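What follows is a single structure, written as structure tokens, with notes after it.
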There are 2 protein chains.
Amino acid sequence: MLVLYHHPFSPASRFARLVLAEYEVHVDPRLEQPWERRREFLLVNPAGTVPVVVENDGPAICGAGVLMEYLDETRGYMTPEKRLLPDNAGRRAEVRRLVDWFLTKFDNEVVGPFVREKVYKQEMPREAGGGAPDSTMLRAARANMGSHLRYIGYLAASRRWLGGDRLSFADFAAAAELSCADYLGEVPWDTDENAKAWYARMKSRPSFRPLLAEKIRGMKPSASYEDLDF
Amino acid sequence: MLVLYHHPFSPASRFARLVLAEYEVHVDPRLEQPWERRREFLLVNPAGTVPVVVENDGPAICGAGVLMEYLDETRGYMTPEKRLLPDNAGRRAEVRRLVDWFLTKFDNEVVGPFVREKVYKQEMPREAGGGAPDSTMLRAARANMGSHLRYIGYLAASRRWLGGDRLSFADFAAAAELSCADYLGEVPWDTDENAKAWYARMKSRPSFRPLLAEKIRGMKPSASYEDLDF
């Protein structure tokens, strides 16, 4: 049994859910609100961040990047037809570069601020930092979205998938981040046809269905969110 | 031939230099000032960050985490006696968790602010953000140092090395970060004997020597920096 500690609106948690579903791993999900800094959870992951995976009585697998390597070593390597990392060390480095780009840089500059201002701050008590969204942060994130979406479009136009010839962890890292921004109506899809066409391919995968069916209490998804022909 | 783009005071670059030296890889070092955002360098790594490694005419290996996996795949795996990752997937996950803890969390909360305020801002032109150190940032970093040093001491006391029974990438990630703070006189060694004893072991490794011999122009290292019996 594999327990997944996650938050439905954490992009890195969505990455974990997507790639676990791609490997058809049965998951026991546990909702975690990272800002609560729950004592029992800090004993599992001292950093207090999600996602975290615990398989049987094994050690905690903390963070999306660590989980990616763990899944490759325990599943991907043995099932070459499903493997989400390339066969060659140089090409694997390119996939890892992009996973880090999306889950760190794209998250810090664009999607993280959207999620924090529009979702987390509504769920957090005021003493933990909750409250109204900061419009300066939202404006900065919107300004940064353009160049990031163009980069995704550029990659999608120059390769079959974002990380190379084959579907890889890089596609799921980008798609997990974009899915959060898309729910919030913050992806200007019409500005990049290549990015849009690639995301339509990602969205139609069975692993994506549970994410598209989910709703946050009190916040409707954007018109494009569930639509496979957006 | 392996080209390493680095900055002498970037902790992640120091991590790269240490682990390349441990694997006895001959390196052609190129100094990069990341804040210059040099056009030729952005073509190598669009994120503009160091370290980056290019081996022969291979693809760019961007970032300390990606380099760690690349070295394990191209060197460590074939030389088990020198390997800096454990043999078991669960224990590898623990080493990777700690590498991320040190190079991201410890860096964001402690060492990064020290380096930015005390070194980078002196080297940067004013229009790129250079200037006097921000004392509020330095105070916050000093306040955070205590709990991070205790965590390193706790790991050192409960295991032979920080990441487990054997020397691993986790030790070099922590040591690379600490070496930058130590140069600046910002490590209160006397507050944690276990952390200090572990760092003394790291410092005495041949891979550390070039770092200890280096000086920044106009800034003398702290009294403890070069001393192996500090």
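The values are calculated or read from the model by the stated rules, or taken from the named source; none is laboratory data. Values in this document were obtained by computation on a predicted structure and should not be read as measured data. Counting neighbours? That spans all protein chains shown, and the Cβs are built from the backbone with ideal geometry, glycine included. Note: areas computed on protein heavy atoms with side chains; ligands, DNA, RNA excluded. Shrake-Rupley method; radii C 1.70, N 1.55, O 1.52, S 1.80 Å.
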Cα-based count: Lys pairs in chain B below 21 Å, eight or more positions apart or different chains?
9
Shielding of A:69-76 by partners, i.e. mean partner chain Cβ atoms within 10 Å per residue?
3
Find, among the trypsin sites (Lys or Arg not before Pro) in the stretch A:193-230, those assigned to loop by DSSP (not H, G, I, E, B) with at most 16 other beta-carbon atoms within 10 angstrom.
A:215, A:217
Kirkwood hydrodynamic radius, the stretch A:2-76, all distinct C-alpha pairs: what's the number in Å?
12.2
Quick one: 3J(HN,Hα) in Hz for the stretch B:202-214, Karplus 6.51/-1.76/1.60 with θ = phi - 60°, rounded, Gly and Pro as x.
5, 4, 7, 6, x, 4, 7, 3, x, 5, 5, 7, 6
Calculated [θ] (222 nm, deg cm²/dmol) that DSSP helices of n ≥ 4 give over the protein assembly as shown, each run adding -39,500 (n - 2.57):
-13000 deg cm²/dmol
Within 10 Å of each Cβ in B:40-46, how many Cβ atoms from other chains are there, averaged over the peptide?
1
Sulfur and carbon atoms: percent of accessible area, the stretch B:2-76 [1.4 Å]
50
What average number of partner chain Cβ atoms lie no more than 10 Å from the Cβ of the residues making up B:86-95?
5
J(HN,Hα) series, the stretch A:164-171, from Karplus relation 6.51 cos²θ - 1.76 cosθ + 1.60, nearest Hz, glycine and proline x:
x, 5, 10, 3, 9, 3, 4, 4
Treating only the Cβ atoms of Lys and Arg (+1) and Asp and Glu (-1) as charged, compute the dipole magnitude of the stretch B:125-230 about its Cα centre; round to the nearest 20 debye.
180
Relative contact order in percent for the stretch A:63-136 (Cα pairs under 8 Å, 6+ apart) equals 15
Under the classification rounded if a/c is under 1.5, otherwise prolate if a/b is larger than b/c and oblate if not, where does chain A fall, given a ≥ b ≥ c as square roots of the Cα gyration tensor eigenvalues?
oblate
DSSP loop (so not H, G, I, E, B), at most 11 other Cβ within 10 Å: list which GluC sites (Glu not before Pro) in the stretch A:1-77 pass both filters.
A:24
On average, how much area does the Cα convex hull of the protein assembly as shown cover when viewed from any direction, in nm²?
21.8
Per residue, accessible area of the stretch A:2-76 with a 1.4 Å probe, heavy atoms of protein chains only, in Å², comes to 38
